[in-house]
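The values are calculated or read from the model by the stated rules, or taken from the named source; none is laboratory data. For clarity, every value in this text was computed on a predicted model and none was experimentally measured. Methodologically, a virtual Cβ is constructed for each residue, glycine included, from the backbone with ideal geometry; neighbour enumeration extends over all protein chains shown. Surface accessibility is based on the protein's heavy atoms, side chains included, excluding ligands, DNA and RNA. Shrake-Rupley method; radii C 1.70, N 1.55, O 1.52, S 1.80 Å.
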Amino acid sequence: MAFECQKSTEVSKSLAICIEKSNSNTEHLEISESPLDCYPKKGILSSLSSKQLSCNDFLLNCRRSITDLPPALISEILSCLDPQELGIVSCVSRVLNSLATENCVWKEVYSERWGLPIVLSPLGAGVSNEKSWKELFVEREYRSKIFLSRYSIDTLHGHTEAVRTVSLLASAKIIFTSGYDMIVRMWDMEDGLYIASSRPLGCTIRAVAADTKLLVAGGTDGFIQGWRAVEGLKHLFDLKGSEVPNTEFRIWEHEGPITSLALDPTRIYSGSWDMTVRIWDRSSLECIKILRHGDWVWSLVPHDTTVASTSGSDVYVWDTNSGTLLTVIHSAHVGNTYSLARSHTGDFIFTGGEDGAMHMFEITGPKPEANVFKVATWMPHSGPVYSLAFEFPWLVSASSDGRLSLVDVRKLLRTNRCSLRKNVSRVTDMDRNNVEPPQRMLHGFGPNLFSVDVGADRIVCGGEEGVVRIWNFSKALERERTARAMRGIRLENRMRRRRLQIEMSSKGGRTDQCSVAAKKNPMHVDKSGVWRNKHGMSGKLKA
């Protein structure tokens, strides 16, 4: 935003003359121009006429600061900064600190990375709901770094055949799994104990999705099995249907196996090998949109009013309100594009394919003219990538080679939020040419890992072995907190010792310090020139 004063050209010339005369020890500058309202504050000269004006006063009156702007305008400017830049600005002055710590700014920053939490305090039990959004952001950002720390593994046994899908509901601390044994099982995330299981559904279950109000599972027979949450039930869902009637339903319309499911607050999304993505109304359970593809649909991820889907080797982005196709990424992989993930802003899409590669794409521009750019490519696997999961900043992949890869995309997503609103590409050529390899690989498992999910300091994976594994990083957070507290104590002690040294030096100087040290450790010398302390020579010297 530009601010213009009247007669700006003349003022610039006058200012230049003022500086030049100031350097030559000239005391006054005469300006004969029309009135100029340059600093309209009470007690400050607001007009310049043909009067004598001190050069220093002229420079002082025309000097401005960002704090002179209205607070609403400053807040709008600060909303374009990154979190690190906001932290730097908050150290400049009390006014900027107050504006840079406003909840609305940090709420937007938090939601761009992780989305809005279901409850205000997503940090677990015992955390106060009165925390500001800045405190929540700092805590969540701190927790996002623990996946490079130590972990423990919990192995969940119960499935009799391969596990095709896993889903982690972090807000309720529940894990849902299913596979070839046709049963949906529910597990406690904290201790890994079995909670409940459904009756056999009659076919392989390849997809499961859940939130705090609805659980859906998709079968190879083309149906969607659903359970509504029961109010007051500890684990939300009555999978057996024995406690509360009429909480279970089944809907049909797909003509092929269902391979992917997703939920948002008002809709259900399902993808199938019948080459369609169907959008359902959650309340009426009626199909309201059908998105037709040219090949089998493998995966889908909705965001706001769009949904991204993979069909064959291509990636599609659709408008869910009108059902129109916004853009297509042709031949994203060599072979089928099996897996898909998306950032919380919806601008970045991650794909995994039959060729073992993982790609990152950026969507820019307005909806009718959306453009797609490839940002990065990773090749961490020797087999097809069957599943992807994303939680800022970690992209987690599961492959047929029996390994998991963890990629930190923080640097690729570290952007100016102002450019985000202008819908321009925010990834530089340097970023594309300097893509870091995966920061961590998890090994030691059987072949064919079919599904992975991430959340709440945990990574959950299932595969051909028929077991579910949970990598628990929460204890690493506790250890890091302890180490952090110890470092703080050591730093405090070091500063205390430093203050005492400064006080001693300021009182008596170095001479007094030396005299004090001499009194504490008196030394004596005999006629032979041998120095001894007050206790005499040591035993070693006597020997």
- Only one residue in Ser272, Ser283 is under 19 Å from Ala217 (Cα atoms) and open to solvent by 10 Å² or more (accessible area, probe 1.4 Å). Which one? Ser283
- Query: From Tyr386, Tyr338, which residue is modelled with pLDDT of 95 or more and closer than 27 Å to Ile146 by Cα?
  - Reply: Tyr386
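Filter the stretch 463-491 for residues that are part of a helix (DSSP H, G or I), farther than 21 Å from Asp191 by Cβ and not β-branched (Val, Ile, Thr) and give the result.
Scanning the stretch 463-491 gives Glu480, Arg481, Ala483, Arg484, Ala485, Met486, Arg487, Gly488, Arg490, Leu491.
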- Task: Please verify whether the stretch 349-370 includes one or more residues that are in contact (Cβ under 8 Å) with a residue 60 or more places away in the chain and under 30 Å from Phe445 (Cα atoms).
- Result: no
- Would you please name the residue that is least open to solvent (accessible area, probe 1.4 Å), looking only at residues in the stretch 129-187 that are without any contact (Cβ under 8 Å) to a residue 12 or more places away in the chain and in a loop (DSSP other than H, G, I, E, B)? Lys131
- Task: Under 6 Å between Cβ atoms, at least 6 apart or on separate chains: pull out the pairs that start in the stretch 242-268 with a residue that is within 25 Å of Tyr338 (Cβ to Cβ) and end on any residue that is of a type in the set (Ser, Thr, Tyr) and in a loop (DSSP other than H, G, I, E, B).
- Result: Pro257/Thr220
- Task: Filter the stretch 350-379 down to the residues that are open to solvent by 50 Å² or more (accessible area, probe 1.4 Å) and among the polar types (S, T, N, Q), then identify the one that is nearest to the chain's Cα centre (by Cα).
- Result: Thr377
- Query: Would it be correct to say that Ala308 is part of a loop (DSSP other than H, G, I, E, B), buried (at least 19 other Cβ atoms within 10 Å of the Cβ) and at negative phi?
  - Reply: no
- Give the residue, chosen from Ser339, Ser331, Ser382, that is under 21 Å from Trp394 (Cα atoms), more than 26 Å from the chain's Cα centre (by Cα) and either open to solvent by 10 Å² or more (accessible area, probe 1.4 Å) or of a type in the set (S, T, N, Q) (or both). Ser382
- Item | Inter-residue pairs, beta-carbon under 8 Å, first without any contact (Cβ under 8 Å) to a residue 40 or more places away in the chain and in the stretch 76-98, second assigned to a helix (DSSP H, G or I) and of a type in the set (Gly, Ala, Ser), 6+ apart | Leu78/Ala100; Leu86/Ala100; Gly87/Ala100; Val89/Ala100; Ser90/Ala100
- Query: within 30 Å of the chain's Cα centre (by Cα) and either in contact (Cβ under 8 Å) with a residue 24 or more places away in the chain or open to solvent by less than 30 Å² (accessible area, probe 1.4 Å) (or both): does that describe Leu193?
  - Reply: no
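Quick grid of which residues meet (1) over 31 Å from the mean Cα position of the chain (by Cα); (2) open to solvent by 90 Å² or more (accessible area, probe 1.4 Å); (3) among the hydroxyl-bearing types (Ser, Thr, Tyr); (4) modelled with pLDDT of 75 or more:
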| site | (1), (2), (3), (4) |
| --- | --- |
| Pro447 | no, no, no, yes |
| Gly455 | no, no, no, yes |
| Ser474 | no, no, yes, yes |
| Arg484 | no, yes, no, yes |
| Arg487 | no, yes, no, yes |
| Asp512 | yes, no, no, no |
| His524 | yes, yes, no, no |
| Gly539 | yes, no, no, no |
- Message: When the residues of the stretch 223-266 are narrowed to those that are in a strand (DSSP E or B), open to solvent by 30 Å² or more (accessible area, probe 1.4 Å) and not aromatic (Phe, Trp, Tyr), which ends up modelled with the lowest pLDDT?
- Response: Glu248
- Which strands (runs of 3 or more DSSP E) sit wholly inside the stretch 312-413 and have at least 3 residues that are of a type in the set (A, V, I, L, M)? 325-329, 358-364, 371-378, 385-391, 394-399, 404-408
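To keep it simple, each residue is scored yes or no on (1) among the hydroxyl-bearing types (Ser, Thr, Tyr); (2) over 26 Å from Pro393 (Cα atoms).
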position: Phe137; (1), (2): no, no
position: Ser152; (1), (2): yes, no
position: Tyr180; (1), (2): yes, yes
position: Val208; (1), (2): no, no
position: Gly226; (1), (2): no, yes
- Message: Among (1) within 28 Å of the chain's Cα centre (by Cα); (2) closer than 23 Å to Cys287 by Cα, there is one condition Arg228 misses while meeting the rest; what is its number?
- Response: (1)
- Task: Determine whether the stretch 73-84 contains at least one residue that is over 23 Å from the mean Cα position of the chain (by Cα), modelled with pLDDT of 80 or more and open to solvent by 70 Å² or more (accessible area, probe 1.4 Å).
- Result: no
- Task: State whether one or more residues within the stretch 203-218 are more than 20 Å from Ile470 (Cβ to Cβ), in contact (Cβ under 8 Å) with a residue 12 or more places away in the chain, part of a strand (DSSP E or B) and open to solvent by 40 Å² or more (accessible area, probe 1.4 Å).
- Result: yes
